[in-house]
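Visitor: Following this message is one structure expressed as structure tokens.
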């Protein structure tokens, strides 16, 4: 341990505890600064207030005063590659600067999305701020990285904190992006190739698999979800034994999404023993009234029941099922086992096996003792086995929002279904904040809501503001900038000319001012995007 580490550790645990400097200085016993520090430490009681700070200050001053420039000159830095995108004009640059300054991430998404669609690049003066924003938000990087241009990709090589943005030139070919690109670029290569040539994409991944880091393997294997087919089973089965747990879990989820795979069949066999049917006997009144014939009685509809496993089996771990419940897990032990089995069982099996619709299967779970485990398991399965009917059923069950996956469920619905779902929420709920959050969950960051939902939501927001309800509704107040970004352009005028008063609090005034600024920026963006599309019509 060197002097700095010793001082830092003493500061972290508290200087009132016993602490000392290491026996030898980092630079050796003859280091005069190290000897000075030890003399000061020896001549002063360790519990003297300020001793730790004085020693750290002396070390810092001496270190800075004694620094000398490297004797050998640094190698010249290679220039940036030629740009392939048009530099954003003054209007676009000002709009991008406003989005970065104002802060709503949806506004940043929308401006970057529009600039990317118009093949524009950001001005050099904004590159550091954009790179810092991308470091804070992974979701922002999709449309941020192309807008950086070649100068931005050159700049990230000079600062290790921006390493996430390193990658091949935008105009490079597919092989260059795969061999020398960033992780995001390599994932994009696989996703694109999987749509047209899934076998070639998988073979590309297999060829480099052993040389990839665990983080890269976990991200790249997830791209096989695009164009997933039976030919992927052999490769995915091998990855059930991968060194990294994230890779093993992703491989298991992908295999579960293949109903014909051996993995899925093993999961079905385990679940089949837990899902049993019982013939429902007709009631006494029905018998007395003679409403049911003997034929109907013999073909009475089965009553399905779902039980949780009584014990974990020895072969579970090989299929990425954890017998031991984590300490932080709120489910009980048996519910934990049932959740895992449900999450890895093909969704199509439930409807085929029971003859019920997804909504009826969910109603069956609600009537039983294991509702939470089943709902959570089905929700996890939906992430890898997209199905609109299951998504609608899960959204209609209130607890579905409990696992923060509402956005993925809403994305599976057709636009008209999403519109109807939001309109029903706006009509039924009295909590505007909760409905607003649901609307934002169902809207991609770079997109906007439908016109009917937007106009109704804007009307309710305006009523809320006019009635002064925002004074104490801090939750909704914090959502206003994002809501302004998500509203349809035709609904924005409903939030114009907001009522202001001299009595409003500072925080409310700041919230309303930010809302007005965001609306103004959005209107500018809409106008400029329309002008750009007119100048560069799609062929």
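The values are calculated or read from the model by the stated rules, or taken from the named source; none is laboratory data. Please read all numbers here as calculations on a predicted model, not as lab measurements. In this analysis, Cβ positions are derived from the backbone assuming ideal geometry, glycine residues included, and neighbour counts consider all displayed protein chains.
Visitor: Those residues that are in contact with a helix residue (DSSP H, G or I) (Cβ under 7 Å, 6 or more places away or on another chain) and surrounded by 14 or more Cβ atoms within 10 Å (Cβ to Cβ), I need them from region 154-171; list them, please.
Guide: Correct list: 155, 156, 162, 164, 165, 166, 167, 168, 169, 170.
Visitor: When you scan region 500-510, do you find a residue that is within 25 Å of residue 139 (Cβ to Cβ) and either touching a strand residue (DSSP E or B) at 6+ places or on another chain (Cβ under 7 Å) or touching a residue at least 24 places away in the same chain (Cβ under 8 Å) (or both), even just one?
Guide: No, region 500-510 contains no residue that is within 25 Å of residue 139 (Cβ to Cβ) and either touching a strand residue (DSSP E or B) at 6+ places or on another chain (Cβ under 7 Å) or touching a residue at least 24 places away in the same chain (Cβ under 8 Å) (or both).
Visitor: Name the residues in region 448-468 that are surrounded by 14 or more Cβ atoms within 10 Å (Cβ to Cβ), in a loop (DSSP other than H, G, I, E, B) and at pLDDT below 90, would you?
Guide: So the first thing to find is which residues in region 448-468 are surrounded by 14 or more Cβ atoms within 10 Å (Cβ to Cβ), and the list is 448-462, 464-465, 468.
Pick out the ones that are also in a loop (DSSP other than H, G, I, E, B) and you get 448-450, 468.
Within region 448-468, just 468 meets the criteria.
Visitor: State yes or no: is residue 174 surrounded by fewer than 17 Cβ atoms within 10 Å (Cβ to Cβ), within 26 Å of residue 127 (Cα to Cα), outside the structural domain of residue 131 (by TED's automatic domain parsing) and more than 20 Å from the chain's Cα centre (by Cα)? Don't jump to the end; show me each part of the working.
Guide: Working: surrounded by fewer than 17 Cβ atoms within 10 Å (Cβ to Cβ): yes; within 26 Å of residue 127 (Cα to Cα): yes; outside the structural domain of residue 131 (by TED's automatic domain parsing): yes; more than 20 Å from the chain's Cα centre (by Cα): yes.
Criteria met by residue 174.
Visitor: Something else: Run down 426, 394, 409 and say which single residue is touching a helix residue (DSSP H, G or I) at 6+ places or on another chain (Cβ under 7 Å), in a helix (DSSP H, G or I) and closer than 18 Å to residue 491 by Cβ.
Guide: None of the others qualify; the one that does is 426.
Visitor: Can you tell me which condition residue 481 does not meet? The list is (1) surrounded by fewer than 18 Cβ atoms within 10 Å (Cβ to Cβ); (2) within 26 Å of the chain's Cα centre (by Cα), and all the others hold.
Guide: It is condition (1) that residue 481 fails.
Visitor: Quick test of your reading of the structure: residue 124 fulfils all but one of (1) crowded, with 16+ Cβ neighbours inside 10 Å; (2) more than 24 Å from residue 486 (Cα to Cα); (3) under 30 Å from the mean Cα position of the chain (by Cα). Name the failing condition by number.
Guide: Unmet for residue 124, out of (1) crowded, with 16+ Cβ neighbours inside 10 Å; (2) more than 24 Å from residue 486 (Cα to Cα); (3) under 30 Å from the mean Cα position of the chain (by Cα): (1).
Visitor: Being over 24 Å from residue 475 (Cα atoms) and modelled with pLDDT of 90 or more narrows it down to one residue among 356, 413; which is it?
Guide: 356
Visitor: What number of residues in region 24-35 are modelled with pLDDT under 75 and either in contact with a helix residue (DSSP H, G or I) (Cβ under 6 Å, 6 or more places away or on another chain) or closer than 13 Å to residue 4 by Cα (or both)?
Guide: So the answer is 4.
Visitor: Among the numbered criteria (1) surrounded by fewer than 14 Cβ atoms within 10 Å (Cβ to Cβ); (2) part of a loop (DSSP other than H, G, I, E, B), which one does residue 352 miss?
Guide: Condition (2) is where residue 352 drops out.
Visitor: Taking region 494-512 on its own, how many of its residues are surrounded by 12 or more Cβ atoms within 10 Å (Cβ to Cβ) and under 16 Å from residue 463 (Cβ atoms)?
Guide: So the count comes out to 4.
Condition check ((1) free of Cβ contacts under 8 Å to residues at least 40 places away in the same chain; (2) touching a helix residue (DSSP H, G or I) at 6+ places or on another chain (Cβ under 6 Å)) across all residues:
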{"position": "311", "(1), (2)": "yes, no"}
{"position": "316", "(1), (2)": "yes, no"}
{"position": "323", "(1), (2)": "yes, no"}
{"position": "330", "(1), (2)": "yes, no"}
{"position": "337", "(1), (2)": "yes, no"}
{"position": "347", "(1), (2)": "no, yes"}
{"position": "351", "(1), (2)": "yes, no"}
{"position": "359", "(1), (2)": "yes, yes"}
{"position": "363", "(1), (2)": "yes, no"}
